[in-house]
Amino acid sequence: MNADSKEDEKGKEIECPCCGDSITVRDYQQSTVICENCGRVLKEEIKDLGPEWRAYSQEGHEEKSRAGPPSTQTMHDKGLSTQIDYRNRDAKGSSLSPERRRQVYRLRKWHKRGKMSDSKDRNLTFSLSEINRMSSQLGLSKSVQEIASKTYRKAVEEGLIQGRSMEGCASAMLYAACREAQVPRTLEEVTEASRVDKREVSRTYRFIVRELDIYLPPTDPARYVARFGSELGISGEVRVKAMEIIRKAQEEKLTSGKSPSGTAAAALYIASLKCSERRTQREVAEVTDVTEVTIRNRYGEISEELDEDIEI
């Protein structure tokens with residue numbers, strides 16, 4: 001079955017005569033349009049708008065598909081350029097003669113050079129590949145990579161990259177994309193995956209956010225609980241308790257101006273003590289990449305302000 005639809009293939013809305021609902025489901029296997037609410041068959045023998053061929057594997061789908069991939073912001077040419085095959089064979093599969101092979105080699109070389117005709121293309125080629133590398137190392141989704149690449153393109157158009165390190169700008173864009181998509185990645189983690197120091201990434205990040213007028217909401221400490229809890233090997237009960245502690249701390253305004261990872265680390269430490277799954281401050285600090293002093297400070301603030309709710 002296909003996704004819900006309000007219109008048939010001619011663009012006219014179909015309304016169910018029984019319940020009056022206009023939300024329908026297309027079943028191309030049965031060639032029918034069905035009312036989602038009551039299940040009445042509203043139309044039969046509909047046209048299948050999909051491909052005329054069948055494929056039972058990803059390789060078969062790619063082999064039979066006649067359309068290219070969608071455009072993407074993660075490539076300097078948005079994935080719309082052509083490529084000359086690296087195999088030295090003609091359309092019949094026969095090997096090329098030495099003379100033709102040299103000709104194809106020159107064509108391939110100049111075709112590759114032509115795709116990067118100016119400094120802007122070379123900048124995008126290097127920086128977007130860096131974003132792709134760091135995204136893969138950090139385990140980020142394609143959507144986060146798209147956001148970072150789009151922001152980097154905008155910064156290049158505004159002339160904000162000139163005089164700055166491309167690696168630092170790419171790292172800053174990726175961290176901003178994680179913040180925008182609410183993906184829990186700390187500045188330290190992004191810096192570790194990059195080839196520049198934390199100070200430069202932080203300085204470039206603040207500059208880009210200010211110049212492009214990007215609003216990034218504060219990171220919710222609760223988003224770190226699942227990942228940190230998994231690395232600590234604690235149960236789901238401890239994670240739930242840690243999230244409850246964070247919510248109560250947020251209600252009391254205890255998290256304002258504090259590091260989200262530090263707050264999450266202290267909440268996990270307190271929750272592990274309450275649920276009898278004790279983890280030392282050093283163990284929590286190594287996983288969360290914060291200092292033991294930070295954990296002790298956040299632990300003292302939370303336990304003191306929420307002493308009626310947290311008994312350790």
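The values are calculated or read from the model by the stated rules, or taken from the named source; none is laboratory data. As the structure is a computational prediction, the values presented were derived from the model and not from experiment. Cβ placement follows ideal geometry from the backbone for every residue including glycine, while neighbour counts extend to all protein chains displayed. Areas reflect the complete protein model, heavy atoms only, side chains present, ligands, DNA and RNA absent. Shrake-Rupley method; radii C 1.70, N 1.55, O 1.52, S 1.80 Å.
What the table below lists for this structure:
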{"quantity": "Options 247, 227; residue that is closer than 21 Å to residue 198 by Cβ and open to solvent by 10 Å² or more (accessible area, probe 1.4 Å)", "calculated": "227"}
{"quantity": "Segments classed as helices (runs of 4 or more DSSP H), wholly inside segment 233-304, with at least 3 members that are of a type in the set (D, E, K, R)", "calculated": "236-251, 281-288"}
{"quantity": "Which listed residue is surrounded by 16 or more Cβ atoms within 10 Å (Cβ to Cβ) and either out of contact with any Leu (no Cβ under 9 Å at 6 or more places or on another chain) or among the aliphatic types (A, V, I, L, M) (or both), from 258, 253", "calculated": "258"}
{"quantity": "So residue 136, is it part of a helix (DSSP H, G or I), free of Cβ contacts under 8 Å to residues at least 24 places away in the same chain and closer than 30 Å to residue 218 by Cβ", "calculated": "yes"}
{"quantity": "Some residue of segment 207-224 being in a helix (DSSP H, G or I) and among the polar types (S, T, N, Q)", "calculated": "no"}
{"quantity": "Segment 81-110 residues that are in contact (Cβ under 8 Å) with a residue 40 or more places away in the chain, paired with ones that are surrounded by fewer than 11 Cβ atoms within 10 Å (Cβ to Cβ) (beta carbon under 6 Å, 6 or more apart)", "calculated": "none"}
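Let's see how each residue does on (1) surrounded by fewer than 13 Cβ atoms within 10 Å (Cβ to Cβ); (2) touching a Pro at 6+ places or on another chain (Cβ under 7 Å); (3) modelled with pLDDT under 80:
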| residue | (1), (2), (3) |
| --- | --- |
| 71 | yes, no, yes |
| 79 | no, yes, yes |
| 98 | yes, no, no |
| 103 | yes, no, no |
| 112 | yes, no, yes |
